[in-house]
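The block underneath contains the structure these notes are about, expressed in structure tokens.
The values are calculated or read from the model by the stated rules, or taken from the named source; none is laboratory data. Because the structure is predicted, anything quoted here is derived from the model rather than measured. Cβ: placed from backbone, ideal geometry, glycine included. Neighbour counts: every protein chain shown.
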């Protein structure tokens, strides 16, 4: 847990498919987000816990198992911080699972840092992962690099997002918000901007 000395809200953050909660991106976003008013809690899915214990990479679990794990963490956070509003989110796969869990968990909102709209190189209509977004009633906030290979700006301009989904683009960012040098931006700047957007949504300015 980062921050939260005088917590007024809690944010659960899940990692992406290939790296755990201590990955540099996860550490950086947690550091930028955390403050005395916001407790940022990172956790790992079961398959990553096993991979770490055995020092051997493992593929992610299927979505139902990932969702069940996230639900348990939501329940634990609600029990530990019963009086505080709870927000959930994650990087890539973790953000997708958060969007799936948002309604059942009755959280205040969910945040996806690089939502995996489709597998890389497979953007056929049947491959798009619209269901969590289309069925959600809780507010969903997606922060996406404009060059994200899991769903870039050009691809998304051809679609209308549901009313409960807010999309913010980070200029020239890839799936981890890293831009090309010629853009004039840095990954650190984009992570800072993402953190500012999330805090503004949580504390409404």
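With (1) on the phi > 0 side of the Ramachandran plot; (2) free of Cβ contacts under 8 Å to residues at least 60 places away in the same chain as the list, and residue 161 as the residue in question, which single condition is left unmet?
Answer for residue 161: the failing condition is (1).
State all residues of the stretch 140-195 that are in contact with a strand residue (DSSP E or B) (Cβ under 7 Å, 6 or more places away or on another chain), part of a loop (DSSP other than H, G, I, E, B) and under 21 Å from residue 98 (Cβ atoms); if no residue qualifies, say none.
Within the stretch 140-195, 151, 161, 164, 173, 174, 175, 177 qualify.
Listed here are the residues, each with its yes/no results for (1) within 24 Å of residue 10 (Cβ to Cβ); (2) modelled with pLDDT of 95 or more.
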| position | (1), (2) |
| --- | --- |
| 110 | yes, yes |
| 138 | yes, no |
| 146 | no, yes |
| 160 | no, no |
| 180 | no, yes |
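Considering 67, 79, which residue is closer than 28 Å to residue 173 by Cα and part of a helix (DSSP H, G or I)?
67
Just checking, does the stretch 39-58 include any residue being in contact (Cβ under 8 Å) with a residue 60 or more places away in the chain, surrounded by 14 or more Cβ atoms within 10 Å (Cβ to Cβ) and more than 28 Å from residue 173 (Cα to Cα)?
Looking for residues that are in contact (Cβ under 8 Å) with a residue 60 or more places away in the chain, surrounded by 14 or more Cβ atoms within 10 Å (Cβ to Cβ) and more than 28 Å from residue 173 (Cα to Cα), one finds none in the stretch 39-58, hence no.
Of all residues in the stretch 91-138, how many are surrounded by fewer than 24 Cβ atoms within 10 Å (Cβ to Cβ), over 17 Å from residue 63 (Cβ atoms) and in contact (Cβ under 8 Å) with a residue 40 or more places away in the chain?
Count: 2.
Within the stretch 1-27, work out how many residues are surrounded by fewer than 23 Cβ atoms within 10 Å (Cβ to Cβ) and in a strand (DSSP E or B).
3
Part of a loop (DSSP other than H, G, I, E, B), over 27 Å from residue 174 (Cα atoms), in contact with a strand residue (DSSP E or B) (Cβ under 6 Å, 6 or more places away or on another chain) and modelled with pLDDT of 95 or more - does that describe any residue in the stretch 84-94?
yes
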